[in-house]
1. What is the order of Trp153, Trp196, fewest Cβ neighbours within 10 Å to most?
2. Taking the Cβ-Cβ separation of Ile255 and Ala343 as r and a Förster radius of 22 Å, what is the calculated FRET efficiency to the nearest 0.05?
3. Of Ala220, Val200, Pro278, which is farthest towards the positive pole of the range 199-352's charge dipole, taken about the Cα centre with +1 and -1 on the beta-carbons of Lys, Arg and Asp, Glu respectively?
4. List the residues, sorted by chain then number, that are 5 or more residues from Gly337 or on another chain and whose placed amide H is less than 5 Å from its amide H.
5. Sorted from fewest to most neighbouring beta carbons within 10 Å, what does the list Phe231, Phe240, Phe26 look like?
6. Grab the other residues whose beta carbon is less than 14 angstrom from that of Leu335, score K and R as +1, D and E as -1, and report the net.
7. Looking at the chain, what % of its DSSP beta bridges pair antiparallel, to the nearest 5?
8. Under a Cβ-Cβ cut-off of 12 Å, what is the net charge of the residues other than Gln151 that fall near it, where Lys and Arg count +1 and Asp and Glu count -1?
Amino acid sequence: MKIAIFPGDGIGPEVTREAVRVLQAFDLPGMVLFEGDVGGAAYHRHGHPLPAETLEMARAADAVLFGAVGDPACDGLERHLRPEQAILGLRAELGLFANLRPATTFPGLEAMSALRPEIARAIDLLIVRELNGDVYFGDKGTRTLDDGRRQGWDMMAYAEDEVRRITHVAFRAARGRDRRLVSVDKANVLETSQLWRDVVNEVAADYPEVALEHMYVDNAAMQLVRDPGRFDVVVTGNLFGDILSDQASMCVGSIGLLASASLGERRTAHGTFGLYEPIHGSAPDIAGKGRANPMATILSAAMMLRHSFGREAEAVRIEAAVAKALAEGVRGADLGGDAGTEAVGDAVLERL
Ligand code: ATP
Ligand code: MG
């Protein structure tokens, strides 16, 4: 079990320290941790946000725990030297095409949601977003038409193998949860979506135990705030996933609680290779103050145990410990409380 730890910038090192303490608490056989530089921290030390040594370390690992990147001191740098390039580079180099974002309302935190508490309470879903295709990566440009008007375009395209591999990730995730999958598209107007739907239906034959439903993205956006309990796992393309995952995040409240996983096709001796990180950034405004909530990173470590190491029982124990701490009133600064980073880490460890 080789785990690369990339703390990064700002609150990244503070929150990853607590997640590492949680991982170490299990004393799992053969677990080895090694640490690498990314982001602004790497730029200052090596002149590049994603040094070759760091990439090598990621390739040699079974999973990566990533803190956050972003450093105001790097603001004036050329694009390829900016800290944010580290995460984009890792995703591309490691072939991480599936982004998993769970959204769960923890008991006692209903009031933090943008939704009415009785609706917020029903949220326990996982969004599986394709990360390497769609309009972000298609042919694009700006031109001047014959009549002098400027026109911009971005081509939306998905090849069937790209849809197939993300669909398998989603079905596998659904099999480990409530066995319900909603595939989100816009098949009434988009050719891309029609192909998406066909491929999803094809793949569904491999997972008879999972109930599949197709939904148009506009309807999905509406149902997410009207009746979120109808979703367990959601699979969708890059653009729709970008929007829906942020929408789902805010339905459950604080940024300090939201974890994520990015998976590829690479299998290791233990499971699927993946990179795990909180969805929040480096939070320069509170960096170095010991006030950041480490729960999102701790929950990301739980996802790592689940998806990269097949340790479902340990993952569930971490999630239960976080939920218990929250239910018993432990509140980080992001939740209007006064528990510092280490105190929150202690609170979770005590309840493991
Ligand atoms: P970046 O450019 O790295 O994304 P950012 O400031 O744009 O940084 P975030 O880092 O996500 O975005 O922070 C947004 C706000 O949420 C900030 O006010 C930050 O202090 C707060 N915040 C983010 N993460 C946490 C956390 N784990 N605990 C407490 N507050 C947080
Ligand atoms: Mg940001």
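Values in this text are rule-based calculations from the coordinates and carry no lab data. Note that the structure is predicted; figures quoted are calculated from it, not measured. Using ideal geometry, Cβ is built from the backbone for each residue, glycine included, and neighbour counts are taken over all protein chains shown.
1. In order of increasing Cβ crowding within 10 Å: Trp153, Trp196.
2. Numbers: r = 19 Å, r/R0 = 0.85.
After rounding, the FRET efficiency stands at 0.70.
3. Of Ala220, Val200, Pro278, it is Pro278.
4. Gly332
5. Numbers: Phe231 26, Phe240 23, Phe26 15.
Listing Phe231, Phe240, Phe26 from fewest to most nearby Cβ atoms yields Phe26, Phe240, Phe231.
6. Values: positive: Arg291, Arg331; negative: Glu110, Glu328, Asp334, Asp338.
Once all neighbours under 14 Å are counted, the net charge is -2.
7. If we restrict to bridges inside the chain, about 45 percent are antiparallel.
8. Net of charged neighbours comes to +1.
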